[in-house]
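Remarks on the structure that follows.
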Amino acid sequence: RKHQIAGTEEAVVSTQSTGDEIRGCLDFLRSVYGVLGFTYELELSTRPDKYLGELSIWDDAEARLKQALDEFGEPWEVNPGDGAFYGPKIDIAVRDALRRQHQCATIQLDFQLPIRFNLLYNAPDGTEKRPVIVHRAVLGTIERMTGILTEHFAGKWPFWLSPRQVMVIPVMPMFNDYAIQIRDKLHNQHIVIDTDLDDGATLNKKVRNAQLAQYNFIFVVGEKEQNSGTVNVRTRDNVVHGEHTIEDITEKLIRLRDSKSNVDNLE
């Protein structure tokens, strides 16, 4: 059984299935960090000087963690004596774009809570066995991970994660309705899109504001675009992609979003 608790998952497993559970946790971690573009380092934190439980149980648990790490296939190191008092653990530190290290994920074995709560299960041989609790945290707290990701991407969120994906800017007030029409079409495709209808600001000012606000893409529309059913596309880094039909750019943005790419490539 598993219970999600504020970014931490608790799995109650048999001693024999501990290795499978750890390997599943590591595979999940690799998948998540791979999508986010993080590199990471693994450490096995072993029995501290002050610990609870029997030495034989600790030795068996550390051996299972070592085997799981070896089968995982990524480099790892031993961090002697840094385990929790209730069991050994695997600590995972990520490195951001500036190569700074952040401790986020952990996988811990806990022998003491099953004893404290007197947890037992019926084994296949008909006897009662004591389970093990596996504590798993991949992201840590959401607030801290959001801060780490913000620094990792230097505030330039990739399109699939961005809270500001597209800004539509009409060159004159007479094209406001066309801008709103584009906004509504892309909004219906679950793209985060806004319009700048401030008649008191110049076109250059609107574009600059959108770039500073880190909108991934900026659509500029005027008479030519309205007559041809297109938008003129540029990025927050002022890379100009030129004219695209609404259907074409919508298809490309959906593909970019669904790919979960950390590079905003429209091709």
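The values are calculated or read from the model by the stated rules, or taken from the named source; none is laboratory data. Since this is a predicted model, take the numbers as computed values, not measurements. When we count neighbours, we look across all protein chains shown, and the Cβ atoms used for this are built from the backbone with ideal geometry, even at glycine. When the accessible area is computed, the model is the full protein with side chains, heavy atoms only, and any ligands, DNA or RNA have been set aside. Shrake-Rupley method; radii C 1.70, N 1.55, O 1.52, S 1.80 Å.
Miscellaneous remarks
- Reported count of residues in region 130-175, each being in contact with a strand residue (DSSP E or B) (Cβ under 8 Å, 6 or more places away or on another chain), part of a helix (DSSP H, G or I) and either open to solvent by 30 Å² or more (accessible area, probe 1.4 Å) or of a type in the set (S, T, N, Q) (or both), is 1.
- Checklist (1) open to solvent by 70 Å² or more (accessible area, probe 1.4 Å); (2) among the basic types (Lys, Arg); (3) within 25 Å of the chain's Cα centre (by Cα) applied to Lys50, failing item: (3)
- The set of residues in region 44-90 being β-branched (Val, Ile, Thr) and modelled with pLDDT of 90 or more consists of Thr46, Val78, Ile90.
- Scanning region 53-66 for residues that are under 27 Å from the mean Cα position of the chain (by Cα) and open to solvent by 70 Å² or more (accessible area, probe 1.4 Å) returns a single hit, Lys66.
- Scanning region 228-243 for residues that are in contact with a Ser or Thr (Cβ under 6 Å, 6 or more places away or on another chain) and among the basic types (Lys, Arg) returns no hits.
- Region 247-267, residues that are among the aliphatic types (A, V, I, L, M) and under 12 Å from Ile191 (Cβ atoms): Ile249, Leu253, Ile254, Leu256
- Filter pass, Asn122 being open to solvent by 70 Å² or more (accessible area, probe 1.4 Å), over 13 Å from Leu26 (Cα atoms) and either in contact (Cβ under 8 Å) with a residue 24 or more places away in the chain or not aliphatic (A, V, I, L, M) (or both): yes
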